Every structure is written in C-alpha cells, then in structure tokens.
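Reviewing the structure listed below.
Just so you know, all these numbers are worked out from the coordinates, no wet-lab data involved. Computed from a predicted model, the values in this text were never measured in an experiment. All Cβ positions, glycine included, derive from the backbone under ideal geometry; neighbour counts span all protein chains shown.
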Amino acid sequence: MGSRILVTWLELTIVGITGGLLGATVGGPPGFVIYLATTLLTVGVVFHNVNELVKAWLRASQNGSAIE
C-alpha cells in the first residue's frame, strides 16, 4: 500500500509540474487548454490509484490477510 501512495504522489508531481511549465511556456488560450488537460490528467491519476488501492483492499479482505 505504501508504494502505491508513493507512486501516486510521484505521478501527481510529474503531471502537475510538467503541465504547469508547459502551460506557462505556451501561454494564452492554448496554455489554458494545457492547464485544463493537466487537471483532467491529475483527476485520472487519482482515480486510477484509488481504484488500485480499493482492489487491493478487497483482495486482502477476501483472502483474510493483512493489507499490503
């Protein structure tokens, strides 16, 4: 579980910094579109990783073992 949380933070940091730099570099309306795309990617990263954590918890509860 700890590694999934670390991966999530790493992915969010990379997506956020890259999108922010790219949006600021381009500027204007295209930069705004890049900011919106960055926001969508961030939400996608969070949803994907939360889904993976929930699947791991469900597998652990079905097997009767501790959460990884």
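Among the residues of segment 14-48, those that are over 27 Å from residue 4 (Cα atoms) and hydrophobic (A, V, I, L, M, F, W, C) comprise 24, 26, 32, 33. Under the condition of being in a helix (DSSP H, G or I) and either in contact with a helix residue (DSSP H, G or I) (Cβ under 8 Å, 6 or more places away or on another chain) or loosely packed, with under 12 Cβ neighbours inside 10 Å (or both), the residues counted in segment 53-68 number 8. Looking across segment 1-52, the residues that are surrounded by 15 or more Cβ atoms within 10 Å (Cβ to Cβ) and either touching a Pro at 6+ places or on another chain (Cβ under 9 Å) or touching a residue at least 24 places away in the same chain (Cβ under 8 Å) (or both) come down to 8, 11, 12, 15, 16, 23, 41, 42, 45, 49.
Selection of segment 1-30 for residues being closer than 19 Å to residue 49 by Cα and either touching a His at 6+ places or on another chain (Cβ under 8 Å) or not in a helix (DSSP H, G or I) (or both) yields only 1.
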